[in-house]
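Only one structure is covered here, and it is reproduced in the block below.
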Amino acid sequence: MPICRALAALLLPLAATAQGLSMESRTLTPVLPSPQGVNLALNQRIVTDGRVLILNRAVQPDGSVFFDQREYSRDGTPITFTQEGFWAERWNRYETRFSATGAEQHINDAINRTGRPASDFRNPTLLWFWRVQPEIGDTVLVTFLAQNVIATYQIRFIYEGTEELTLAGRTVNAHRVREEPLGSAGVFTIWWYDERGMGIKRYHKTTSREFADQLVSWR
């Protein structure tokens, strides 16, 4: 009996931790322009310990791999952003650390700082469809801090409703969200999200080109 009680005491906290953990994974590939070779993007959301982790891993046609990790509190306030990969003929690592008193950027060997608090960069759309259900027409303006310089930009998010899509063998009523960067006329992005709030299709339009990605694997 004492052994059973000890085992139960050990398992209870593990069970509580498991109940507070969730993970979603989706894999997308480009469809416009026509992809050459291997080109995949694995997107994951991990929720645990009061935090939300957004992980992106992209494999390029030449075999290069890019890493992007973003950590938020449960209300969409940023904590830490990290980006790594090979570009400009070198391996690069960018890290931004947010706090109530400002943000600090580590850009390879350089360090930048801004006094703007983390709350200025809160992104409530991070919670859409899996924790918060917006109404059609709901609009949110989000301020972002650039990853490599102390500069900000804003994107307007508009929830446009649902649209039936069949991707990777599954038919879903996907949530359509339009993103419009302020000050960039003619440039926009449309994302379609599933019922778990994960992106399953993307269309991006610039003034000169079009890009599209869509789901190839639910896990």
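Which of the GluC sites (Glu not before Pro) across the range 152-219 are loop residues per DSSP, with 14 or fewer other Cβ within 10 Å?
GLU195
Determine, for each peptide in 83-95, 57-69, the mean count of other beta carbons within 10 angstrom over its residues, then list the peptides with the highest first. Could the numbers behind the result be given before it?
Values: 83-95: 12.2, 57-69: 13.8.
Descending mean neighbour count gives 57-69, 83-95.
Which order do the peptides 167-174, 42-49 come out in when sorted by mean C-beta neighbours inside 10 angstrom, highest first?
42-49, 167-174
May I ask you to derive the FRET efficiency for SER34 and ASP62 from their Cβ-Cβ distance with R0 = 22 Å, giving the value to the nearest 0.05?
On the way: r = 16 Å, r/R0 = 0.75.
Computed FRET efficiency for SER34 and ASP62: 0.85.
Per residue of the range 131-140, what does 6.51 cos²θ - 1.76 cosθ + 1.60 with θ = phi - 60° give for ³J(HN,Hα)? Whole Hz please, x for Gly and Pro, Karplus curve as stated.
Whole-Hz 3J(HN,Hα) from phi for the range 131-140: 10, 10, 9, x, 8, 4, x, 4, 10, 10.
Just order 98-108, 122-132 by mean Cβ neighbour count inside 10 Å, highest at the front, would you?
Working: 98-108: 15.5, 122-132: 17.7.
Output ranking for 98-108, 122-132: 122-132, 98-108.
Over the range 134-173, what is the relative contact order in whole percent, taking alpha-carbon pairs under 8 Å and six or more residues apart?
36 percent
Which value in Å is the Kirkwood Rh of the chain over different Cα pairs? Present the calculation step by step, with values, prior to reporting the outcome.
Values: mean 1/r = 0.0516 Å⁻¹.
For the chain, the Kirkwood estimate is 19.4 Å.
Under the definition of Cα pairs under 8 Å and six or more residues apart, what whole-number percent is the relative contact order of the chain?
15 percent
Which whole-Hz couplings ³J(HN,Hα) result when phi for each residue of the range 70-80 is put into the Karplus expression 6.51 cos²θ - 1.76 cosθ + 1.60, θ = phi - 60°, listed in order with x for Gly and Pro?
10, 10, 10, 7, 5, 9, x, 7, x, 10, 8
For the range 19-217, with the dipole built from +1 on Lys and Arg beta-carbon atoms and -1 on Asp and Glu ones, taken about the Cα centre, which of GLN83, GLY102, MET198 lies farthest toward the positive end?
The residue sitting most towards the positive pole is GLY102.
Just so you know, all these numbers are worked out from the coordinates, no wet-lab data involved. What you see is a predicted model; the values in this text were computed from it and never measured. Ideal geometry is used to build each Cβ from the backbone, glycine not excepted, and the neighbour counts take in all protein chains shown.
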